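In what follows, a structure is listed as structure tokens, so that the remarks can point back to it.
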Amino acid sequence: MRTAMLRSIQSSLKNTSSSTLLRRSYSSESAPERKVVILGAAGGIGQPLSLLMKLNPLVSSLSLYDIAGTPGVSADVSHINTRSEVVGYMGDENLGKALEGADVVIIPAGVPRKPGMTRDDLFNINAGIVKGLCTAIAKYCPHALVNMISNPVNSTVPIASEVFKKAGTYDEKKLFGVTTLDVVRAKTFYAGKAKVPVSGVNVPVVGGHAGVTILPLFSQATPQANNLSDEEIVSLTKRTQDGGTEVVEAKAGKGSATLSMAYAGAIFADACLKGLNGVPDVVECSFVQSNVTDLPFFASKVRLGKNGVEEVLGLGSLSDYEKQGLEALLPELKSSIEKGIKFANQS
């Protein structure tokens, strides 16, 4: 039973992220050697994310880092009988060792959101953590793909870009804000309302990764459900935007969206690894440097490949409601981006 469960989870990681990822996968025997690093591996997101990446057959080396607690997490995860070798690192002095040779670096480090706390409240703490970690990435693995989970993503991705620019290592094709949880929620909520199997659903989500900056494009959802009213689309949009708050309140002060975020982070990292390995037509939504709008960063569908971002895809046709949502989100997203850039350049 345990073997069957493991195979089921691995199959999910390989196939669930979107219909565009239902394609030939590499077996562990033929897959290239790939090192994945998780910064913040002992945290609420980091622990389940470490588990999910250990189950991914595309990972040959899994490096787990945190300021405390990593030896226990790495010992626990290392007992799982899958391909990757696991090493845990703890403390600032071992950060370089953790990062050396990385192909993909995933950053869930930082403090979680608590009841009554906005993503903006997280800024001063998490911005400093991200700045320090990105300084180390620039030094020890400047060519790695960087998957930013630490909130507020609308600001931490611009912080990372500025740190890399100062170090002379910035490659806009290799820096991603992970917005996959917005897509996961949009798919789940849409499938429930439209009464269609969630496994076949795809919903692009564009904009940013906080509140009104999250814009699910239900007009482009597949399969298209013509039975949904305008009021239901508004309700689905609002629920997708407030998904994080829904979980924070449900946990009553004892956590935020850690399990679903770990799942989303694992899905996006899997897509990055497939792109690096040459799997064709890997498309996911992500917050990246972009010309889709006048803003320097924007989330939209992105084609992934051997260099990271191969192509930033356009928005496509929007409904009138989505056009209004796009106009409404731009000022707030602009402010968040500028806040991150300003923080990165203060010192």
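The values are calculated or read from the model by the stated rules, or taken from the named source; none is laboratory data. Not measured: the values here are computed from a predicted model. Backbone-built Cβ (ideal geometry, glycine too); neighbour counts: all protein chains shown. These accessible areas exclude ligands, DNA and RNA; they are computed on the full protein's heavy atoms, side chains included. Shrake-Rupley method; radii C 1.70, N 1.55, O 1.52, S 1.80 Å.
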How many nm separate the modelled label positions at Glu246 and Thr222, each set 7 Å beyond the Cα in the direction of the Cβ?
2.4
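Rounded to a whole number, what % of the accessible area of the stretch 64-172 do carbon and sulfur atoms account for, probe 1.4 Å?
Numbers: 2380 of 4560 Å².
The computed percentage sits at 52.
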Pairwise label distance in nanometres, Ser60 with Asn291, each label 7 Å out on the Cα-Cβ vector
3.6
Grab the Cα-Cα distance for Glu332 and Lys165, subtract it from 0.36 nm times how many residues apart they are, and report the gain in nm with one decimal.
57.7 nm
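Could you order peptides 132-143, 320-331, 225-236 by the average number of other Cβ atoms within 10 Å of their residues, highest first?
Details: 132-143: 19.2, 320-331: 15.2, 225-236: 13.2.
Highest to lowest by the protection proxy: 132-143, 320-331, 225-236.
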Out of residues 5 or more away from Val105 or on other chains, whose amide H comes under 5 Å of its own, with H placed 1.01 Å from N in the peptide plane?
Val37, Leu145, Val146, Asn147
Using a 10 Å cut-off on Cβ atoms, rank the peptides 278-290, 250-262 from the highest mean neighbour count down.
278-290, 250-262
Placing each pseudo-label 7 Å from Cα in the direction of the beta carbon, Lys323 and Ala68 end up separated by a distance in nanometres of 5.4
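In Å², what does the accessible area per residue of the stretch 99-245 work out to with a 1.4 Å probe?
Numbers: 5410 Å² over 147 residues.
Ligands and nucleic acids excluded, the result is 37 Å² per residue.
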Check the straight Cα-Cα distances from Lys251 and name the lysines below 16 Å, setting aside those fewer than 8 residues away within the same chain.
Lys114
Would you mind checking Lys187/Lys323; Lys54/Lys166; Lys54/Lys131; Lys131/Lys274; Lys139/Lys274; Lys174/Lys195 for any pair whose Cα atoms are more than 31 angstrom apart?
Lys54/Lys166; Lys174/Lys195
Expressed in nm to one decimal, what extension gain is obtained for the pair Ala75 and Leu259 from 0.36 nm per residue of sequence separation less their Cα-Cα distance?
64.2 nm
Ranked packing of 35-42, 88-95, 296-303, most packed first, by mean Cβ within 10 Å:
35-42, 296-303, 88-95
Semi-axis lengths (Å, descending) of the ellipsoid that matches the C-alpha gyration tensor of the chain:
29, 24, 19
Hz values of 3J(HN,Hα) by residue in the stretch 212-221 - Karplus curve (6.51, -1.76, 1.60), Gly and Pro given as x:
5, 6, 7, 10, x, 9, 5, 5, 9, 5
